Structures are given as C-alpha cells and as structure tokens.
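Asks: Below is a structure I'd like to ask you about.
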Amino acid sequence: MTMKRVTVRNGAGITPKILSGIVACLVLSPLSGYSEPTPVSLYQAKPHYEGRIRMDYDYRSEGSSQDSDLYGYWYGSGRDLANGRFDFYASGREHTDLDGATAEDGTYRSVDDAKGVTEDRLLQAYGDVHDPKGHMSLRLGRQYVDIADYLQMDGGQALFFENGPLGGRVYVGVPVSYYTAVSGDIAGGASVVGRPWTGNRTRFTWAEYYEDRQGGDDQNYFIDLQQDVTDSVRTRGQLSVLNDEFRMARLDGSFFAPDGNTDLHVGGSRWGTFDAKTRAYSPLYNQFGGQQPYTFLYSRLSYAFSPKWMLSPGVSARLTDSGDENYSNRDYRDYDLTLTFEPNKALSSSLSLQYWDVDEGDSFLGLSGEVRYRHRRIWEVSVGSAYVDYTYQNYSDISYSINGGQTVFREDGTVTEESPYTLTYFARTKWNVTRKLILRLQGDIEDRKDALDLSYRARGSVEVKF
C-alpha cells in the first residue's frame, strides 16, 4: 500500500484578530508550473448544474458567557452553458441569534453584532462569459477579486490570456460592505502575468481603493514570481507595497523527491507596519492595536520511511521587532516531531511532540495528535487535540489558508490558527446518509492560557446537495 502524502501545518505568529485585511492573495496559491490548456472537445459542451443548502447550529460557552447561533448557507452554479461559453454562480448566508446576546455578555460580541450590520448576505452572484478555449472572459456581478486581497465588489472583471505566455486582467466596481454604506467608494486595478522563460510565472498587480467618505485611498502593488527550477524543486518570491511603504516580502522553496517519499518545505517572510487608510483593508485595525514589524521563518521535512509510516520534523520562529510585546506581538520558536501512521484507507493517526519556546520564559513541552476512522465513504469519526485557537471573523463562501496552512480561513467565518496559548481537544463525526444528504457534529474544549475558564463549543450541520 502506498502512503498517502500529507502536509503538516507550519507554525506562524499572525494573530487572527489583526490579520483581517492583511494580504491574502499573495500567499494562497499553490506553487505550480505552467501547463498547456486542455484541448476543447469538438462535441457540444454539456451543461452542468449543482447546488447546496447547509444549516449550522453553533453553541459556545466560557464561564458565565454563552452564545447560540443558527446559520444557513446556500450555493448554486451552472457550468458550460451556451455551448461552453457561459457560467454562473450565486451564494448567500443567513444568520439568526438564538439567545439574543447583548453587549454586556462581552465574550462573544463582535462587529457582526453592532447596529446596522447586515445579517442576511448575498455573498456572490455573477455571470461569466468566456470563449470555449478559456482565453478571454468577462465576469459581471458580485464577486471576489483574488489579485486584490480577495476584495468583494459589485462590478466587472475581464481576463485575457492568463494561461498563455502573456496575459492579464482589469477590474472595477463598487466595494461591498455589510457594516457601513459604501455608495461613494470605488475600487479598480490591473494585473499583467507572463511566462518569460521556461518554468517561470510572474505577475505584477496594481490595486486601488478610493474611499469617498474618509477622503483617502489605498494603493497596493504586488509582485509574485514562481519558478520551477527542476521537476522536483519549486520556488516562489513575493513582495507587497502599500501606500508606498513596505508591507510584506517572502520567499518559499519546496523539494519533492521523485520517489514520492520525501518533501521539504522552507521559507521566510518579513512583515512591515500595517498602514492601511480605508475600511476595506483595515476595518478592525484601530480597535485591536498596531502590529509590530516581525520576521517569520519555517522549515518542514516529511519522510515516508514505509508505506504506512511517515516522520515529519519541523521548526518555525516568529521574531518581533522591539516594542511592547503582547499576545499579538510576542516572539516564539516552535519545534515539533510528528509521526503519522496509516495502515489502511480506513484508519489514520498522527502524534506530535512539540516544544514551544515563547518569549518571557514561557517554554513548555506539548503533545497533540489525532485518530480518524472512516467506514468506506459512509461515515467517519475522529478524536484528538491540537494547539489551535479559534476566532470568528467575517463570513464568506470561500476557504483558504496562509503561511503553509498554519492559519486557515473557513467558509463559516472561523479562523483557525496554531497557537502556543491554546490547547484544544476535539471530537468530530460525519455521516453521508445518502449522496445528497450529509450530517456533521463536532465538539471542542479549549484551554487558553489567557482565560480563567475552559471554553466549550458544539457544532452541528445538515447539508443537502442537489
């Protein structure tokens, strides 16, 4: 049996509360080389439709504070319409506060609970017109612009030959906000992408956001270079400049052994001060305080020494510049050794020994891991513990991760980050009742160093596909 390759998350030090608005599009895309577009069939494209409806119940408690919420999500899409020339996509979210939490409850209050905030949200609704070969496309409607930090807007985005040797895109629209009126705001930008030599993909992006009420604007400039050095070695370098000030730079490298048994990932990033002026790029910055400039370094080796066993040592470090170091700006080093055992397709397990060396003498050994059992494709159950923390941010219908997967943004608005300050114990189960009906249930117990009481969370969901 061949060992299934897994990617173990690397540590980092970006606190989710101050992460809202930080560049995401620069660090999300997987490293990949250019491949020729798939030839278009001479036969007529067959339209394809799909949709999903999911209801989530979420309960949280800590000490005397508790919160119960009901969420509804819906998604619908149509692909290859008009003989492969038109696609559409639409999604939305509904929210009901079941216990009527008030501002005095404190623990679980957020900007979503403020007056005037739109609870029921249309997340995306766009049509995409393109030629059958996918060389050019025009997307109109509510959408995310990935080259501009996943800015959400009502407008248009045109793409030209992005899969070829030279291409680009332009976009313009009215930004979307569920918190304040943005009728006078406008965002736009352009990007050029090319492959000047074999194995290379380079993108230059300019993005601008003009905020009418505040009378300021944010100018973002991005450079993203990906290079396949060989079939086994890939590199990526990125640079971001905000309002003519350094924002972020990073360099990552990956090695994949030809036999498929060894992976090596190394990298580092440098983050400057966050000097955004508009609501789109710093809506919570003034509330949560400044972020000190810091450097983040990581390395991860994964070696499958048998078809069933994999060993993965890793190290990461967060080095903050001088300043008042609170939970948002503290240094740490994280060393871990993870052993993965997968004897068959049904059972998988992992065990991690971690040593956290946190600034101000807060150093300790930790043990985390997970065991998961899957019964064919019908149901699965898993239990374990992990050094992760949860926060609850804005809601979208996309999921993505940054910093090698150490910080994960999920569709339900949960941000999960590996943290030395929180040890979480969890149990999860999933049951595919039919191909169209899925049930999920999860319970968490969080032990946070900065809290007097344990925190409890229970989540359940029903999902219907059609």
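The values are calculated or read from the model by the stated rules, or taken from the named source; none is laboratory data. The structure presented is a predicted model; accordingly, all values stated were derived computationally and were not measured. Heads up, the Cβs are rebuilt from the backbone with ideal geometry, glycines too, and the neighbour counts pull from every protein chain shown.
Asks: Quick one: is G188 touching a Gly at 6+ places or on another chain (Cβ under 6 Å) and buried (at least 16 other Cβ atoms within 10 Å of the Cβ)?
Replies: So G188 fails the test.
Asks: Being more than 24 Å from T295 (Cα to Cα), under 25 Å from the mean Cα position of the chain (by Cα) and at pLDDT 90 or above narrows it down to one of R376, R372, so name that one.
Replies: R372
Asks: Residue check, P132 against (1) part of a loop (DSSP other than H, G, I, E, B); (2) free of Cβ contacts under 8 Å to residues at least 60 places away in the same chain, all met but one. Which one?
Replies: Every condition holds for P132 apart from (2).
Asks: Given the conditions (1) buried (at least 16 other Cβ atoms within 10 Å of the Cβ); (2) free of Cβ contacts under 8 Å to residues at least 60 places away in the same chain; (3) closer than 19 Å to A90 by Cβ, which single one is not true for V174?
Replies: Failing condition for V174: (1).
Asks: Next question, about the same structure. So which residues in the range 355-379 are outside any loop (DSSP other than H, G, I, E, B) and among the aliphatic types (A, V, I, L, M), if there are any at all?
Replies: Across the range 355-379, the qualifying residues are V358, L365, L367, V371.
Asks: Quick one: count up the residues across the range 194-229 that are small (G, A, S) and touching a residue at least 40 places away in the same chain (Cβ under 8 Å).
Replies: 3
Asks: Look at Y178 and say whether it is of a type in the set (S, T, Y) and part of a strand (DSSP E or B).
Replies: Answer is no for this residue.
Asks: Same structure, new question: Taking the conditions exactly as written (loosely packed, with under 15 Cβ neighbours inside 10 Å, closer than 30 Å to T205 by Cα, at pLDDT below 90 and within 18 Å of the chain's Cα centre (by Cα)), does P30 satisfy them or not?
Replies: yes
Asks: For R201, only one of the following conditions fails: (1) within 20 Å of L242 (Cβ to Cβ); (2) touching a Lys or Arg at 6+ places or on another chain (Cβ under 7 Å); (3) part of a strand (DSSP E or B). What is its number?
Replies: Going through the list (1) within 20 Å of L242 (Cβ to Cβ); (2) touching a Lys or Arg at 6+ places or on another chain (Cβ under 7 Å); (3) part of a strand (DSSP E or B), R201 breaks only (1).
Asks: Check A103 against each of (1) loosely packed, with under 14 Cβ neighbours inside 10 Å; (2) of a type in the set (A, V, I, L, M, F, W, C); (3) modelled with pLDDT of 85 or more and name the one condition it does not meet.
Replies: (3)
Asks: A further question follows. With respect to the numbered conditions (1) over 26 Å from L122 (Cβ atoms); (2) surrounded by 15 or more Cβ atoms within 10 Å (Cβ to Cβ), which one is the sole condition not fulfilled by T198?
Replies: (2)
Asks: Select, from A90, A24, the only residue that is surrounded by 15 or more Cβ atoms within 10 Å (Cβ to Cβ) and modelled with pLDDT of 95 or more.
Replies: Matching residue, one of A90, A24: A90.
Asks: Follow-up. Check D146 against each of (1) acidic (D, E); (2) in contact with a strand residue (DSSP E or B) (Cβ under 8 Å, 6 or more places away or on another chain); (3) touching a residue at least 40 places away in the same chain (Cβ under 8 Å); (4) surrounded by fewer than 19 Cβ atoms within 10 Å (Cβ to Cβ) and name the one condition it does not meet.
Replies: (2)
Asks: Out of everything in the range 420-457 that is basic (K, R) and either in contact with a Cys (Cβ under 8 Å, 6 or more places away or on another chain) or part of a loop (DSSP other than H, G, I, E, B) (or both), what residue ends up being farthest from H375 (Cα to Cα)?
Replies: Per the criteria, the residue is K449.
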